[in-house]
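Peer 1: Have a look at the structure that comes next, please.
Taken together, the values in this text are just the output of simple stated rules run on the coordinates, not laboratory data. Being a predicted model, the structure only gives us computed values, none of them experimental. All Cβ positions, glycine included, derive from the backbone under ideal geometry; neighbour counts span all protein chains shown.
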Amino acid sequence: MKYISTRGNAPAKTFTEILLAGLAPDGGLYLPEEYPQVTRAELDVWRNLSYAELAFAVLAKFATDIPADDLKALIDKTYTAEVYNNGRADSDFSQITPLRTLLPGVHILELSNGPTLAFKDMAMQLLGNLFEYALNKQHEELNILGATSGDTGSAAEYAMRGKRGIRVFMLSPDGKMSAFQRAQMYSLQDENIHNIAINGMFDDAQDMVKAVSNDHAFKAAHKIGTVNSINWGRVSAQIVYYFKGYFAATQSNDEQVAFSVPSGNFGNICAGHIARMMGLPIGQLILATNENDVLDEFFRTGAYRPRGTDHTYQTSSPSMDISKASNFERFIFDLVGRDGAQVREFWSRVDNAADTAAFDIKHTAYWDALPGFGISSGKSSHFDRLKTIRELWEEYGVMVDTHTADGLKVGLEQRRPGLPLICLETALPAKFEETILEALGRKPERPASMAGIENLPQRVDVMEADVATLKAFIAAHIPA
């Protein structure tokens, strides 16, 4: 299988080639030339597979240049009950992503049993093993540059710490994440981990990553790669848990379901969109935003209007405090019939810094095509998430984090009658202790391994949102 750029001006490449590359040379994002299709017979077989077996079945369709035995070994090493076991009560870690039923037809898919207590571990742990494998084959090193709004950073750092030939440079918005999230990242003392706090919002950090990635000479000279969800390896790994969640919530492959997905960068729900395009019977994908509702605005009105830092809100679901959704370009590529020229034209409007940066599909054939992709949307506020957290705790004795609460609130509002609802859990409540305390008057439990993490010594460099300064920092921390 070969991969092409959403902007249509880059040569087709293999899975391993784009695994280490991040953005395409033309500034676009990689997608398969065509999505592999899953037959009914395959679904019938896949229904009975373990998580690791299912991951191999799915990813073998995408990573066709990795020998099957090697890919299987990497997957079997990744998806084990030892890796995905954070010690929470009443969870079947052998399932990796157990399904928790609140009431008939309403479920939560546990995606936060990994080492950093967030769904990002589902893909990042595999990505760490894939990177190490590919670099060993090529006798190369890689300097990973990423940006995080809360969970990607720690998931990447925990997956890459101690990996031979890999260094991580992770940008985060200074003071904008929860104390737990900051501590998870900044307390790591591994020599190959570099934390950089940016004076600004996540979108500023993400823009810096893209600017460095688009400097092809610097990228090549310093062997820059990325772990953000612009990396296709991450998106492909996330497709797996949509299949697993579907099988867990249904009795047969004749049924359809709705998935509710908290999303700021469109990465998590992009994997669901691709699973649906492959043939998974998803009747509805429900996108939930917080007060930063750029994506909800698009699906309601047809207008995509990325906002600047001054108009991006700091909220109690901070991992979604995003106003420029990187992975949204992948969806638009499919929406416009995989027309790279049209994607380039749209992004020529939104890649500038003007307050008027936007495109609008309302009065085009693309707006008419949009319902065919099965995506609904809604938004959730601080009041909403506090209310949802309280109701879940009082009615079911289930404690959820702030982002999962956003997903449940919007999912219950938007789901079509008769469709079982699967809400994707994005993190454990321990990562957002301040808001849980506000909602419930009690602190959430946390795994013993994370006790007192905020009191550990922290190592972080604070920097202005300046690309030249970032390049100088990277160059200075790479051995000659």
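Peer 1: About the Cα centre, and with charges only on the beta carbon of Lys, Arg (+1) and Asp, Glu (-1), how big is the dipole of the range 258-337? Nearest 20 debye, please.
Peer 2: 200 debye
Peer 1: What number comes out for the charge environment of Ala405, summing +1 per Lys or Arg and -1 per Asp or Glu over other residues with Cβ under 11 Å away?
Peer 2: Result for the local shell: -1.
Peer 1: Excluding Ser229 itself, what net charge comes from residues whose Cβ is under 13 Å from its Cβ, given Lys and Arg +1 and Asp and Glu -1?
Peer 2: Spelling it out: positives minus negatives among the neighbours equals +3.
Peer 1: To continue, here is another question. Using modelled amide H (1.01 Å from N, peptide plane; none on Pro or chain starts), what sits under 5 Å from the amide H of Phe62, excluding residues fewer than 5 places away?
Peer 2: Those lying under 5 Å, H to H, from Phe62: there are none.
Peer 1: Tell me whether the range 242-350 comes out rounded, prolate or oblate; compute the Cα gyration tensor, take square roots of the eigenvalues as a ≥ b ≥ c, and use a/c under 1.5 as the rounded threshold.
Peer 2: oblate
Peer 1: Pick out, from Ala249, Thr312, Gly397, the residue whose Cα sits farthest towards the positive end of the charge dipole of the chain, with +1 on the Cβ of Lys and Arg and -1 on the Cβ of Asp and Glu.
Peer 2: Going by the Cα projections, it comes out as Ala249.
Peer 1: Moving on. Could you check the simple spin-label distance between Thr469 and Val45, using points 7 Å along Cα→Cβ, in nm with one decimal?
Peer 2: So the label points at Thr469 and Val45 sit 5.5 nm apart.
Peer 1: Collect residues whose amide H, placed 1.01 Å from N in the peptide plane, falls under 5 Å from the amide H of Gly225; neighbours closer than 5 in sequence don't count.
Peer 2: For Gly225, the qualifying residues are Asn143, Ile144, Leu145.
Peer 1: At a 10 angstrom cut-off on C-beta neighbours, averaged per residue, how do the peptides 384-396, 235-247 rank from highest to lowest?
Peer 2: Per-residue mean Cβ counts within 10 Å order the peptides as 235-247, 384-396.
Peer 1: Quick check for me: using +1 on Lys/Arg Cβ and -1 on Asp/Glu Cβ, what's the dipole size of the chain about its Cα centre, in debye to the nearest 20?
Peer 2: The calculated dipole for the chain is roughly 380 debye.
Peer 1: Further question on the same structure: Among Thr364, Thr16, what is the fewest-to-most ranking by other Cβ atoms within 10 Å?
Peer 2: Going from sparsest to densest Cβ surroundings: Thr364, Thr16.
Peer 1: Moving on. Say the cut-off is 30 Å between C-alpha atoms; which of Lys2/Lys163; Lys137/Lys219; Lys2/Lys223; Lys72/Lys431; Lys176/Lys244; Lys72/Lys210 go over it?
Peer 2: Lys72/Lys431; Lys176/Lys244; Lys72/Lys210
Peer 1: Further question: Going highest first, how would you order 71-79, 419-427 by mean Cβ packing within 10 Å?
Peer 2: The densest-packed peptide leads the list: 419-427, 71-79.
Peer 1: Collect residues whose amide H, placed 1.01 Å from N in the peptide plane, falls under 5 Å from the amide H of Ile375; neighbours closer than 5 in sequence don't count.
Peer 2: Leu285
Peer 1: Of Phe298, Leu421, Phe333, whose Cα points farthest to the positive end of the dipole of the chain (charges on the beta-carbon: +1 Lys, Arg; -1 Asp, Glu; origin at the Cα centre)?
Peer 2: The one lying farthest along the dipole's positive direction is Phe333.
Peer 1: Apply the a/c threshold of 1.5 to the C-alpha gyration tensor of the range 106-219 and tell me whether it is rounded, prolate or oblate.
Peer 2: In terms of gyration-tensor shape, oblate.
Peer 1: Before rounding to the nearest 500, sum -39500 (n - 2.57) across all DSSP H runs of length at least 4 in the chain and divide by the residue total; then give [θ] at 222 nm in deg cm²/dmol.
Peer 2: -12000 deg cm²/dmol
Peer 1: Okay, which of the range 389-430 sit inside 14 Å, backbone N to the point 7 Å along the Cα-Cβ direction of Glu255?
Peer 2: What the label zone holds, given the 14 Å backbone N cut-off, is 418-423.
Peer 1: Okay, moving on. When a/c is below 1.5 the answer is rounded, else prolate if a/b is larger than b/c, else oblate, so apply that to the range 276-406 with a ≥ b ≥ c taken from the square roots of the Cα gyration tensor eigenvalues.
Peer 2: Oblate, since a/c reaches 1.5 and b/c is not below a/b.
Peer 1: At 7 Å along Cα-to-Cβ for each site, give me the label-to-label distance between Asn214 and His311 in nm.
Peer 2: So the label points at Asn214 and His311 sit 2.0 nm apart.
Peer 1: Hey, can you rank 2-9, 185-192 by average C-beta count inside 10 Å, highest first?
Peer 2: Output ranking for 2-9, 185-192: 2-9, 185-192.
Peer 1: Label Ala448 and Glu140 with points 7 Å out from Cα along Cα→Cβ: what is the distance between them in nm?
Peer 2: In this crude spin-label approximation the distance works out to 4.2 nm.
Peer 1: To make sure I understand the rule: partners must be aspartates and glutamates, Cα under 18 Å from the Cα of Lys61, and not fewer than 8 residues away in the same chain. Which ones qualify?
Peer 2: Excluding near neighbours in sequence, the set is Glu17, Glu33, Glu34, Glu42, Asp44, Glu53, Asp69, Asp70, Asp76.
Peer 1: For the range 208-265, give the magnitude of the charge dipole about the Cα centre (Cβ charges: +1 Lys/Arg, -1 Asp/Glu; no others), in debye to the nearest 20.
Peer 2: Taking the Cα centre of the range 208-265 as origin, the dipole is about 360 debye.
Peer 1: May I ask you to evaluate 6.51 cos²θ - 1.76 cosθ + 1.60, the Karplus curve with θ = phi - 60°, for each residue of the range 464-474 and list the ³J(HN,Hα) values in order in whole Hz, giving x for glycine and proline?
Peer 2: 5, 7, 10, 5, 4, 5, 5, 4, 5, 5, 4
Peer 1: On a C-alpha basis, how far is the centre of the range 129-196 from the centre of the range 311-368 in Å? Whole number, if you could?
Peer 2: 27 Å
Peer 1: Run the reach check for Lys362 against aspartates and glutamates, Cα to Cα strictly under 12 Å, same-chain hits fewer than 8 apart removed. What comes back?
Peer 2: Glu297
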